[in-house]
Each structure stands twice: as structure tokens, then as C-alpha cells.
Amino acid sequence: MPTIRRTTTTSGWCAADSETGGPVRFRDLYAAYVECRRGKRQARNTMAYEARCLDQLIETRDALNDRTWRPSRTIAFVVDKPKAREIHAADFKDRVVHHWLAPRLQAWFEPVFIHDSYANRKGRGAHAAVDRLQDFVRQATRNGKVKAYFLQLDIANYFNSIDRNVLYGLLRCRAEKVWKKHKRLLSDISAAQNSELPNGLHTEINFCLWLCRTILEQDTASLAVERGSASAFARVPEHKRLKNAPAGKGLPIGNLTSQFFANVYLDQLDQFVKHQLKCRHYLRYVDDFVLVHENAAQLLIWRDAIVHFLAERLGLRLKALSEPKVTGTGIDFLGYVIRRTYRLPRRRVLQQAEARMNVFAATLISRRSDGWVVNWKPGLLANFRASMSSTLGHLQHAASHRIAQALWEKHSWARSAFDLDVAHFRLVNRYEPASVASYRGQIRWFARRYKNCVLLVQKGWKYELIDREGSLKVKPETLFAEAQLARLISALRRAGRTYVIVREAGYLKLGLKRRVLSEIGWTKS
């Protein structure tokens, strides 16, 4: 019988506090759930899970401890950027289990991962990899005093080529080493204290191996529910579809465990390059890796050794046998062109940013015979800010102040809601007061930012017209009904005046009505 711990609280005994004695504790699973929902609380899957969160967690904990847990069906869909790729999204309750498992596997492998593996690791990432590669170029060229070369390699169809049996063998081998190390340590402690050796860690290691095996054995491709049109899936090359992977091979792209398993699999390559080939300037990001050296011939020798190692040990092959190039030509890596003293954003990144801006422009701007109207529909302000902030965040790590300024000036319509702080690569809000104390405070805030414009501010069921210039012959506090708004706007356009409509959008924390920019229209004159 499992041991049930009853906790005396003001609300009585809580079922969540009862522990079954298995390796998975409720508090650890709850912590994994909190981490899993971070930034995704508005998603439908997350809200459905939260509706019966306690029951879901207890059911998952009991199924794991009984070893009856099995992964659910994934949702398969296609993303087109930067290229067509099939993604498998696990169900939220499975992602909670992944977040429980991942930190325990990280504790096993982080001590043996090389420093220069940058994908899916805390304290690493794409920008850290770019910084490190630029340091390698400086070191190899001795700050520009000698010529150096780089060799950039990429593994062909990596995720679909991972051998799951080989991967599980790597996990098992590392688990045995972790247990032996802790066993020696605990034996010394137990001998000093004249006590028995605890076996809790051994139970957890065995359980983690069982859970890894369960995840790896899932037939993800055949059980997946496809979301999207057939034409979208047709854009993915056949050899990149998980269902077409050879038997016993392939990991679904999009899961936390798959990302970590991908690092474990290629750690063998990292160890080979660093400790057998003795390549000092080497780094890897997922399946893209770069080697830098003063001698191009040495890079070719290493390339041939890597090709042989990948084929013999991991069953992988390179996408193409790239040739060494001079570092002065620039290294196209992770969205940047990297040179010794500076870096620039990749041309394709700028093209994608321009394409996104054009999509927003087509959605927001209405061109008329006498001028233009920018209609910031609900939700588009947040979407535009997220998209542009992502672009600026990428440009921030390159010599691209002029590029950012040119992009912003080309799309001047966006200034209706934002200003660009190009020095800090961030957008400044013009569409909503950050903090106000009253309705009149909101009007003053908008009036300062939209000078020489006629403000139409929603006040309940009506709109108040504010004209600081005073050219319109209306009373200072004239209110118009919604039905009169179209006729009023036509009059303003005939008069050649720019107008700004501010509408109510819910409530602020203290009960004050929230008002945001909704529409701005100006004439050609």
C-alpha cells in the first residue's frame, strides 16, 4: 500500500500532498507544469489542462510511477520559414512530462558536454555561438596578422537520420557512469557514517531510462494528427517527412526531449573533433558546425575524418562536402555574416523582415483617392510589435543601425503607433498611455503625441472631438454619436485635416477604461 501523508492545514487534507512512494513526486511534476506553461497560458491546450490541473497532475504522476504512462498523439503541422518543415507538437500533458525529464538528463550530460555546443542549453544560444565564432576568427588570424580558413559543415536530414537504438545506448552508457560515480561517493559517506547505502538515485536513473525508452519507442508519425492543408504538407520534401524515415530512425521536430536527444547524439562528434582531431576552434549549433584553422589542408583532413566517423559511428552523412574558405569573405552562420571586426545580418533575414512589413501594410493600410487610412485592428498592435521587436532583436547583434533606420523610414506608416529608438533597437509606444490617472490625462497624452491632429476619443457610446489647433468651428467638448462618425471623418478629410480615432478597449487595473489608438487618416495635401 502506498504511504499517504496527511497534512493538517486550515482547509483540511489535500490529495495533492499524498505521495505514492514512486520516483515522481507531485511537487516536482507541478514545478515542471509551471515551467511548461510559461509564456503559453493563453493557448487553448494550456487552458484546457488548467481547468482540471490537479486531477491531471495526479493522474500523470500515478501513471508514471506505475509505469503505465504512454505518450499521446502529436499534432503535425508545417512551418514555411525559413523553409518548409514538418513540426510535431506534443500534447500539453506530455510536455509536462518532458519538462520533468529534461532537467534530470541535463544533470547527467552537462558535465561532459563540450563548452562550444550552443543549441538548447542554458547560458548558450545563437547569439553566444555567433560571438564565440567571431572570437575564433580573431584568434586564428591573430587579429588579422595571418590568413585563416573556415570549414562549415551541415548534416543531411539530421533529425530523420537519428538511430533511436544508438541514442538509447548513449543514454544508458551515461546513466551507468553517473550511477557508478555516485555509488563511489555515497559508499565513502556511508562508510564514514556507518550507515547503509541509499538506493533512491538508482531508482530514479532506472526510471528515467524507462521513460526515455517509452518516448523513443512511440510511433509518432503514424499516430500524428495532421493540421493544415494537403498542399502545405506537399511542400515538405518526402525524405524530410518523419513517416518516411527508415525503421528505427527519426525524432519528431518540436519536442523538448527531441532537442535534448539531438545534442546527446552529436556529442559523440563533439568529443571526437575536440579530443581526437584536436581541433581548437570548433563549435556546433544543432547540426551546423564550423571549424577554423590557419591551414586549409588541415581542414580537408579533418573533413574526411569527420565523414568517416559520422558514417561508422552514428549512421549520418554530410549535406555537402564543403571546401575551406578564407575567413575574410565572411562566415554565413545563424542569420549573420561574420567577419573578424564586425558582422552583418544575413540578406535573407532582411528579406523576410521586409516581407512581414509588407504583409502588415497590406492588412492595415487603405489607400483612397484623397489620402490614406491606417486601421489598427484589434490584436494587430501586439502582433506587429512582437514581429518588429524580433527583427530588431536580431539586428541588435550586428552592425545594422543604418539598416534598421532605413527599414523604418521605408514603412513610415508604422510611425502612427510607434517610434523607433534606433540607438537601443526598440520600439517606443505611441498607441496607449503607459500610466494615466484620469480620462483627461489620457486625452493630454494622445494630444502631445499627435500634435496638429483632430482627436476623436470614445467616451461611452459617443466620441469627443478635441482640436487643439482650433480651426474647426465646434464647441470645446462636442460629443458625436457613432452614427455621425463617418460623416464627421468625411468633413475632416475635405478640410485636409489629419484625424486620430482612440477607442475603448477594456479596463485598466483600477477600473479606469483603457483607450488605445484605433485609426489614423491623413490626406495627400
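The values are calculated or read from the model by the stated rules, or taken from the named source; none is laboratory data. Note that this is a predicted model, so its numbers are computed, not measured. With ideal geometry, Cβ positions are generated from the backbone for all residues, glycine too; neighbour counts draw on all protein chains shown. Just so you know, the surface numbers come from the protein's heavy atoms only, side chains and all, with ligands and any DNA or RNA stripped out. Shrake-Rupley method; radii C 1.70, N 1.55, O 1.52, S 1.80 Å.
What residue, of Leu465, Leu479, is without any contact (Cβ under 8 Å) to a residue 24 or more places away in the chain and open to solvent by 30 Å² or more (accessible area, probe 1.4 Å)?
On the way: Leu465 fails: open to solvent by 30 Å² or more (accessible area, probe 1.4 Å).
The conditions single out Leu479.
Within the set Arg61, Arg104, Arg73, the sole residue that is among the basic types (Lys, Arg) and not in a helix (DSSP H, G or I) turns out to be Arg73.
The number of residues in region 495-518 being in contact with a Ser or Thr (Cβ under 9 Å, 6 or more places away or on another chain) and either open to solvent by less than 30 Å² (accessible area, probe 1.4 Å) or within 22 Å of Asp370 (Cα to Cα) (or both) comes to 8.
Filtered by the rule that a residue be in contact with a Leu (Cβ under 9 Å, 6 or more places away or on another chain) and of a type outside the set (A, V, I, L, M, F, W, C), region 116-142 gives Asp116, Ser117, Tyr118, Asn120, His127, Arg132. Only residues that are within 16 Å of Leu167 (Cα to Cα) and open to solvent by 30 Å² or more (accessible area, probe 1.4 Å) were counted in region 249-270, giving 5.
Taking Ser231, is it hydroxyl-bearing (Ser, Thr, Tyr) and open to solvent by 60 Å² or more (accessible area, probe 1.4 Å)? Answer is yes for this residue.
In region 337-355, which residues are among the charged types (D, E, K, R) and either surrounded by fewer than 17 Cβ atoms within 10 Å (Cβ to Cβ) or in contact (Cβ under 8 Å) with a residue 60 or more places away in the chain (or both)?
At the first step, the residues of region 337-355 found to be among the charged types (D, E, K, R) are 339-340, 343, 346-348, 354.
Passing the criteria: Arg339, Arg340, Arg343, Arg347, Arg348, Glu354.
Scanning region 126-158 for residues that are open to solvent by 20 Å² or more (accessible area, probe 1.4 Å) and assigned to a loop (DSSP other than H, G, I, E, B) yields a count of 7. Among the residues of region 226-247, what is the count of those that are closer than 23 Å to Leu101 by Cβ and of a type in the set (Val, Ile, Thr)? Looking only at that region, the number is 0. Quick check on region 366-377. Is at least one of its residues within 21 Å of the chain's Cα centre (by Cα), aliphatic (A, V, I, L, M), open to solvent by less than 40 Å² (accessible area, probe 1.4 Å) and modelled with pLDDT of 90 or more? Looking through region 366-377, none of the residues is within 21 Å of the chain's Cα centre (by Cα), aliphatic (A, V, I, L, M), open to solvent by less than 40 Å² (accessible area, probe 1.4 Å) and modelled with pLDDT of 90 or more. Comparison of Val137, Val79 shows that the only residue that is within 26 Å of Leu318 (Cα to Cα) and in contact (Cβ under 8 Å) with a residue 12 or more places away in the chain is Val137.
Need a quick list: strands (runs of 3 or more DSSP E) entirely within region 418-525 having at least 1 residues that are over 20 Å from Phe384 (Cβ atoms) and of a type in the set (D, E, K, R).
Passing ranges, in order: 454-459, 462-466, 499-507, 513-523.
Selection of first residues in region 405-422 that are without any contact (Cβ under 8 Å) to a residue 60 or more places away in the chain and of second residues that are surrounded by 14 or more Cβ atoms within 10 Å (Cβ to Cβ) and of a type in the set (A, V, I, L, M), restricted to Cβ pairs under 6 Å at least 6 apart or on distinct chains, gives the following pairs, ordered by first then second residue: Gln405/Val422; Trp408/Leu420; His411/Met357; Trp413/Ile365; Trp413/Val374; Phe418/Leu427; Val422/Ala404.
Which helices (runs of 4 or more DSSP H) sit wholly inside region 209-315 and have at least 3 residues that are among the polar types (S, T, N, Q)? Let's see the steps before the verdict.
Working: elements: 220-223, 230-234, 256-271, 296-309.
In region 209-315, 256-271 are the helices (runs of 4 or more DSSP H) which contain 3 or more residues that are among the polar types (S, T, N, Q).
Anything in region 393-417 that is in a helix (DSSP H, G or I), closer than 21 Å to Glu432 by Cα and touching a strand residue (DSSP E or B) at 6+ places or on another chain (Cβ under 7 Å)? List them, or say none. Residues satisfying the conditions are Trp408, Trp413, Ser416. Residues in region 73-100 that are over 20 Å from Glu238 (Cα atoms) and either surrounded by fewer than 17 Cβ atoms within 10 Å (Cβ to Cβ) or touching a Ser or Thr at 6+ places or on another chain (Cβ under 7 Å) (or both): Arg73, Ala90, Asp91, Phe92, Lys93, Asp94, Val96, Val97, His98. Give region 1-58 a look and list any residue that's in a loop (DSSP other than H, G, I, E, B), surrounded by 16 or more Cβ atoms within 10 Å (Cβ to Cβ) and at pLDDT 85 or above, or say none. Once the filter is applied, which keeps residues that are in a loop (DSSP other than H, G, I, E, B), surrounded by 16 or more Cβ atoms within 10 Å (Cβ to Cβ) and at pLDDT 85 or above, region 1-58 yields Pro23, Val24. Of the set (1) open to solvent by 50 Å² or more (accessible area, probe 1.4 Å); (2) farther than 21 Å from Asn429 by Cβ; (3) not hydrophobic (A, V, I, L, M, F, W, C), all apply to Asn383 but (2).
Looking at this structure, is Val454 of a type in the set (A, V, I, L, M) and either within 19 Å of Phe360 (Cβ to Cβ) or touching a residue at least 60 places away in the same chain (Cβ under 8 Å) (or both)? Spelling it out, it is not the case that Val454 is of a type in the set (A, V, I, L, M) and either within 19 Å of Phe360 (Cβ to Cβ) or touching a residue at least 60 places away in the same chain (Cβ under 8 Å) (or both). When Ile301 is tested against (1) without any contact (Cβ under 8 Å) to a residue 12 or more places away in the chain; (2) touching an Asp or Glu at 6+ places or on another chain (Cβ under 9 Å); (3) not aromatic (Phe, Trp, Tyr), exactly one condition is not met: (2). The lone criterion from (1) open to solvent by 70 Å² or more (accessible area, probe 1.4 Å); (2) of a type outside the set (A, V, I, L, M, F, W, C); (3) in contact (Cβ under 8 Å) with a residue 24 or more places away in the chain left unmet by Arg440 is number (3).
What are the residue pairs meeting all of these: first residue in region 512-525, first residue of a type in the set (D, E, K, R), second residue surrounded by fewer than 19 Cβ atoms within 10 Å (Cβ to Cβ) and not in a strand (DSSP E or B), Cβ atoms under 6 Å, and 6 or more apart or on different chains? Close Cβ pairs (under 6 Å, with a partner that is surrounded by fewer than 19 Cβ atoms within 10 Å (Cβ to Cβ) and not in a strand (DSSP E or B)) amount to Arg514/Leu508. Residues that are open to solvent by 50 Å² or more (accessible area, probe 1.4 Å) and over 29 Å from Val178 (Cβ atoms): does region 101-119 have at least one? Checked region 101-119: no residue is open to solvent by 50 Å² or more (accessible area, probe 1.4 Å) and over 29 Å from Val178 (Cβ atoms).
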